[in-house]
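Structure, as structure tokens:
The values are calculated or read from the model by the stated rules, or taken from the named source; none is laboratory data. None of these values were measured; they are calculated from a predicted model. As a convention, Cβ positions derive from the backbone with ideal geometry for all residues, glycine included, and neighbour counts pool all protein chains shown.
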Amino acid sequence: MINIQERESIKEEFKWDLSSLYISDNEWEVEIKRINGLIEEIVEYKTHILDNDKNLQRTIELSLKLDRVLSNLYTYAKMKQDENTKKEIYQNMTSRAESIAVKANQETAFIVTELLEDENDLINKYICDNKKLVIYIKYFDDLLRKKKHVLSEKEEVLLAQAGEMAAVAQNSFGMLNNADLKFPKVALNDEIVNLSHGNFVPLLESANRTLRKEVFQKYYEVYENHKNVFASMLAGNIKKNIFYSKARNFNSSIESALFENNIPLSVYDNLIEAVNENLPAMHKYMKLRKKVLKLDKLQMYDIYTPIVEDVEIKFDYNESQQIVLEALKPLGDEYTRVVENSFKDGWIDVYENIGKRSGAYSWGTYDSKPYILLNYHQTLDNTFTLIHEMGHSMHSYLTRKTQPYVYGNYSIFVAEVASTTNEALLNQYLLKKETDPKKKLFILNHYLEQFRGTVYRQTMFAEFEKLIYEMSEAGEALTADVLSEKYVELNKKYYGPEVVIDDKIALEWARIPHFYYNFYVYQYATGFSAAIALSQRILNEGDCAVEDYLKFLKSGNSKDSIEILEKAGANMLSKEPVENTLKLFDELVDEFERLLIQEK
């Protein structure tokens, strides 16, 4: 049993230092009281933004300043709340920061409207006249790109008023799935435990096949009892997104979803095509899994259980830090010096304490350190978590150090690339240095599961999502039986002939919250593929590849995501990064099989 301490008992060296945001709560209080004055200063420019270049410059500068301050206020309050979620003072501060942000957004919404009403090319004229506006060319381009999809003021108000109604399907899914579903109990060793979303996959990792089968069947029986409600909610959410895409003059829902980050439709289609062309590697992995587990039939509840048993790899936090530094050496001294310093400079909140938020994340603002929240325990997964979050934080650090505030962030399309590149480098490092054959097999299996779960599974989700949207746009009804039928077909295709696809997995679509995120999941697979391409280039080509990669980390939003990745060495307009990723997966499956034979 792990003893969880009070926060006060944890040494300061293992806590983050939030003073780069605010030195104290009092300083935060002073800052939040200044916001109304800043909002009022911006509102003075209403209907006058395009009167002259000075008004345009000042409005943009004030707007960005407001956004920057609001970001600091909310981030500090929320991170203090995450230290101990039971403290009401920080719950209150977080709520106040959210409220003032809503007010600010409402009162400054006129800025975008007025800029989009520029029919006389005044913005370009002012940029030519005023050198201080040149920095905002990309900002204006991104804004004006949306012009044909922004409606009249009256229509925009109407769409905004429909917002709460439009969220009903997604909110209902969340309430039913997270609050109202009642799962049965199962016998785990000598105790009876309630099934839940949280323990479903861990229980499927059990070596006890009877338990795995019971867990799998009982879990999906709950969804089967509510399948028509889940189908209705999913269909309703899809119809909502179709409505908005049509209202905003897009040709399809997927075009609308990819438009925000300027991602061509070909990127989505290339991903699905490339993965489909490389399904034999997945089928080979499933065949190997069946063989190693010595099963006559490989069921869907056999997919998660480790195929390398009796291996325990543990690192204390100091060991984990050293492993991370060694694994990241290929990225050069500039990168690793910052990482090493981060361990001593209050970036990381390391250990679990009573009331602390669970999980892990990288977060911060343009003005702060790129903080990392951990709940560190001495496991291999936790070392991967540390290097993953460090990838995010280094991406943020280098972007903010290089770019002005207006471009000091990066799009969601590239958000997982740096973190996954770090994980890939760690995998390669551990595989290279490990001499114990069984531990090497364990690490290799861990790596293979990342490919399976992130590329193959997420692409299957992406293909299913594209299919059901196309069906709905064509006027077909998305009933529970139709959704299950299409989902079964995709599972059979992706997992191959070695896996028994039963009537329970047919209902998996009902439990996936990402199907309510409007074409989000494909980015997990593209991000992973880009990361593998970049990590392989770094390991194989050395300094020139590292230089290109660091430029990528420093680019922020100064260019479109596709262009930034291409310059780093991952052309996501082609199928090559995905194809090479799955070629590596295929080679790793073969290596795993060779090691198994040697071990015997």
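Structure summary
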| item | result |
| --- | --- |
| Yes/no for ALA506 being modelled with pLDDT of 95 or more and within 30 Å of ALA167 (Cβ to Cβ) | yes |
| Matching helices (runs of 4 or more DSSP H) fully within segment 233-304 where at least 2 residues are over 21 Å from the mean Cα position of the chain (by Cα) | 265-277, 279-292 |
| Conditions (1) hydrophobic (A, V, I, L, M, F, W, C); (2) surrounded by fewer than 20 Cβ atoms within 10 Å (Cβ to Cβ); (3) assigned to a helix (DSSP H, G or I); number of the one not met by ILE564 | (2) |
| Yes/no for GLN217 being closer than 28 Å to ALA506 by Cβ, in contact (Cβ under 8 Å) with a residue 60 or more places away in the chain, assigned to a helix (DSSP H, G or I) and in contact with a helix residue (DSSP H, G or I) (Cβ under 7 Å, 6 or more places away or on another chain) | no |
| Residue tally, condition surrounded by fewer than 19 Cβ atoms within 10 Å (Cβ to Cβ) and either hydrophobic (A, V, I, L, M, F, W, C) or more than 24 Å from the chain's Cα centre (by Cα) (or both), over segment 85-99 | 9 |
| Subset of segment 290-305 (residues that are of a type in the set (Ser, Thr, Tyr) and at pLDDT below 95) | TYR304, THR305 |
| Single residue of segment 469-485 satisfying the filter (in a helix (DSSP H, G or I) and polar (S, T, N, Q)) that is nearest to GLU221 (Cα to Cα) | SER484 |
| Selected residue (only one of GLU566, GLU541, GLU547 is without any contact (Cβ under 8 Å) to a residue 40 or more places away in the chain and either closer than 28 Å to ALA462 by Cα or not assigned by TED's automatic domain parsing to the domain that holds MET233 (or both)) | GLU566 |
| Tally, over segment 312-360, of residues that are crowded, with 16+ Cβ neighbours inside 10 Å and either closer than 29 Å to SER206 by Cβ or aromatic (Phe, Trp, Tyr) (or both) | 13 |
| Failed item in (1) within 27 Å of GLU485 (Cβ to Cβ); (2) modelled with pLDDT of 90 or more; (3) not aromatic (Phe, Trp, Tyr), with THR210 passing the rest | (1) |
| Check on GLU334, free of Cβ contacts under 8 Å to residues at least 40 places away in the same chain, over 19 Å from GLN428 (Cα atoms) and outside the structural domain of MET79 (by TED's automatic domain parsing) | no |
| Failed condition for ILE597, given (1) of a type in the set (A, V, I, L, M, F, W, C); (2) at pLDDT 95 or above; (3) exposed (fewer than 15 other Cβ atoms within 10 Å of the Cβ) | (2) |
| Residue count for segment 489-533, restricted to those that are in a helix (DSSP H, G or I) and farther than 16 Å from LEU279 by Cα | 21 |
| From GLU465, GLU423, residue being over 24 Å from LYS583 (Cα atoms), crowded, with 22+ Cβ neighbours inside 10 Å and at pLDDT 95 or above | GLU465 |
| Members of segment 199-214 that are charged (D, E, K, R), assigned to a helix (DSSP H, G or I) and out of contact with any Leu (no Cβ under 7 Å at 6 or more places or on another chain) | ARG209, LYS213, GLU214 |
| Within segment 330-378, tally of residues that are over 22 Å from ILE4 (Cα atoms) and among the basic types (Lys, Arg) | 3 |
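Here's the yes/no breakdown for (1) acidic (Asp, Glu); (2) loosely packed, with under 14 Cβ neighbours inside 10 Å:
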| residue | (1), (2) |
| --- | --- |
| ALA169 | no, no |
| PHE173 | no, no |
| ASN177 | no, no |
| ALA187 | no, yes |
| ASP190 | yes, yes |
| SER196 | no, yes |
| ASN199 | no, no |
| PRO202 | no, yes |
| SER206 | no, no |
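Residue by residue, here is whether (1) part of a loop (DSSP other than H, G, I, E, B); (2) buried (at least 22 other Cβ atoms within 10 Å of the Cβ); (3) without any contact (Cβ under 8 Å) to a residue 12 or more places away in the chain holds:
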position: TYR366; (1), (2), (3): yes, no, no
position: GLN378; (1), (2), (3): yes, no, no
position: LEU386; (1), (2), (3): no, yes, no
position: LYS401; (1), (2), (3): no, no, no
position: TYR410; (1), (2), (3): yes, yes, no
position: LYS432; (1), (2), (3): no, no, yes
position: LEU448; (1), (2), (3): no, no, no
position: GLY453; (1), (2), (3): no, no, yes
